[in-house]
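Report on one structure; see the data block that follows.
The values are calculated or read from the model by the stated rules, or taken from the named source; none is laboratory data. All values reported here derive from a predicted model rather than from experimental measurement. Please note: Cβ atoms are built from the backbone with ideal geometry, for glycine as well, and neighbour counts cover all protein chains shown. For the accessible areas, the whole protein counts, side chains as well, though only heavy atoms, and no ligand, DNA or RNA atoms are used. Shrake-Rupley method; radii C 1.70, N 1.55, O 1.52, S 1.80 Å.
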Amino acid sequence: MEIIVTKDYEEMSDKAAEIVIAAIKASPELVLGLATGSTPEGLYERLVTAHKEDGLDFSHMTTFNLDEYVGLGPDHEQSYRFFMDTHLFDHINISKERTHVPDGLAADPVQYCKLYEEMIQDADGIDIQVLGIGRDGHLGFNEPGTSLSSRTQLVALAPETIEDNSRFFDSEDEVPHFALTMGVQSILEARKCLLLASGEGKAEALKGCVEGPITSMLTASALQVHPDAIVIVDEAAASRLERLDYYKWVQQAREQIAGTH
Ligand code: F6R
C-alpha cells in the first residue's frame, strides 16, 4: 500500500484529482470505478473544473460505480445515480451510456448483479477504482462479515451505515436497508485502487484497513493484498496510524526519487 498523508480534505482531493487526471490524459479510454458519498465530492469538483477550464476529455472513458440503494430509481435525489449525474456526469463530456451505476430497481437483483460483473468484464476490467471507507471499515457496501472473495451482490446494510447515511435523508426511516454492491473480490480486480479518507471519524477504520489483520470484519483491510493500492488520507483520518512517521518518510523518499527522474 502506498500511503499519502495530506494536510486536509482539500489537499486530499487535489492529490486524488492529480492521479486521476494524469491517468485520463495518459489513457483516454480509461475505465474508471467510482464511489459516492461525501469523501469523493472534492475529487469530482476538480474533474469538472479540469474539463471546463482545461478541456479534459471524458468522451472515450467508461465508468462503473460501486453501489446503489435497492428501491431508489435514478430520479430519487438520494440514489447514487442521481448523485453521480449531479456531481459529475452532467458537467463533463461523457455520454450516459458509458456510465454504469447498479440498477436499484432491477426486477431480479441476483441476475442483475451477474450482468453487472459481465459488463465490467466486457469493458476489460476497471483501471482505477476510487473508494471511500465506512466507519465500520466497509468498502463499497461490503459490511463486516462479508466474504473477501465476494462478487457483486445484494446486501443488507449494517445499522451503523444506515445511521451514518441518514444525514442525506429526511429521517433514518427513509434510508433503504438493502443495496447492490460490487464485491470485495470484484474491487480487488481493479488494476489500481485509490482509497480516500478524511476526518477523525474515519481514523479507527483506516487504522484497521492499513495496519490491522486482513479480515472480513473490516473489508477495507483486503486492500493490503492489492498490488497497487494508494491510500490518500488527511492528517485527521491518519491520526491513529501507529507507523505514521514511517509512511511520511516513505512518501518523502518517493517524492525525492520522482524528482530525480
Ligand atoms: C459509496 C460507498 C461507500 C462510501 C463510504 C464512505 O459509493 O461505496 O463505501 O465510500 O460509506 O462514505 P462517505 O464518503 O460519505 O463518508
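If only one of A197, A222 is within 12 Å of the ligand (Cβ to nearest atom) and touching a residue at least 60 places away in the same chain (Cβ under 8 Å), which one is it?
On inspection, the qualifying residue turns out to be A197.
Could you check D173 against (1) within 12 Å of the ligand (Cβ to nearest atom); (2) free of Cβ contacts under 8 Å to residues at least 40 places away in the same chain and say which number it fails?
(1)
Name the residue that is farthest from S38 (Cα to Cα), counting only residues in segment 215-251 that are in a helix (DSSP H, G or I) and β-branched (V, I, T). Spell out how you get there, then give the answer.
So in segment 215-251, the residues in a helix (DSSP H, G or I) come out as 219-225, 235-238, 244-251.
If we keep only those that are β-branched (V, I, T) as well, we get 219, 225, 250.
On the way: T219: 20, V225: 26, V250: 28 Å.
Among residues in segment 215-251 that are in a helix (DSSP H, G or I) and β-branched (V, I, T), the one farthest from S38 (Cα to Cα) is V250.
Quick one: which strands (runs of 3 or more DSSP E) lie wholly within segment 1-109 and hold at least 1 residues that are among the charged types (D, E, K, R), touching a strand residue (DSSP E or B) at 6+ places or on another chain (Cβ under 8 Å) and within 16 Å of the ligand (Cβ to nearest atom)?
67-69
So R254 passes all but one of these: (1) under 12 Å from I4 (Cα atoms); (2) touching a strand residue (DSSP E or B) at 6+ places or on another chain (Cβ under 9 Å); (3) in a helix (DSSP H, G or I); (4) at pLDDT 95 or above. Which condition number does it fail?
(4)
Would you be able to say whether some residue in segment 128-138 is in a strand (DSSP E or B), within 12 Å of the ligand (Cβ to nearest atom) and more than 23 Å from H100 (Cα to Cα)? Write out each step before concluding.
To start, the set of residues in segment 128-138 that are in a strand (DSSP E or B) comprises 128-131.
This time we only want the ones that are within 12 Å of the ligand (Cβ to nearest atom), so: 129-131.
Then drop every residue that is not more than 23 Å from H100 (Cα to Cα), which leaves none.
No - not one qualifying residue is present in segment 128-138.
What's the total number of residues in segment 111-126 that are assigned to a loop (DSSP other than H, G, I, E, B) and in contact with a helix residue (DSSP H, G or I) (Cβ under 7 Å, 6 or more places away or on another chain)?
So the first thing to find is which residues in segment 111-126 are assigned to a loop (DSSP other than H, G, I, E, B), and the list is 123-126.
Those still in the list that are in contact with a helix residue (DSSP H, G or I) (Cβ under 7 Å, 6 or more places away or on another chain) too: 126.
Summing the residues that are assigned to a loop (DSSP other than H, G, I, E, B) and in contact with a helix residue (DSSP H, G or I) (Cβ under 7 Å, 6 or more places away or on another chain) in segment 111-126 gives 1.
Go through segment 190-210 and give me each residue that's open to solvent by 30 Å² or more (accessible area, probe 1.4 Å) and in contact with a strand residue (DSSP E or B) (Cβ under 9 Å, 6 or more places away or on another chain).
Passing the criteria: R191, K192, S198, K202.
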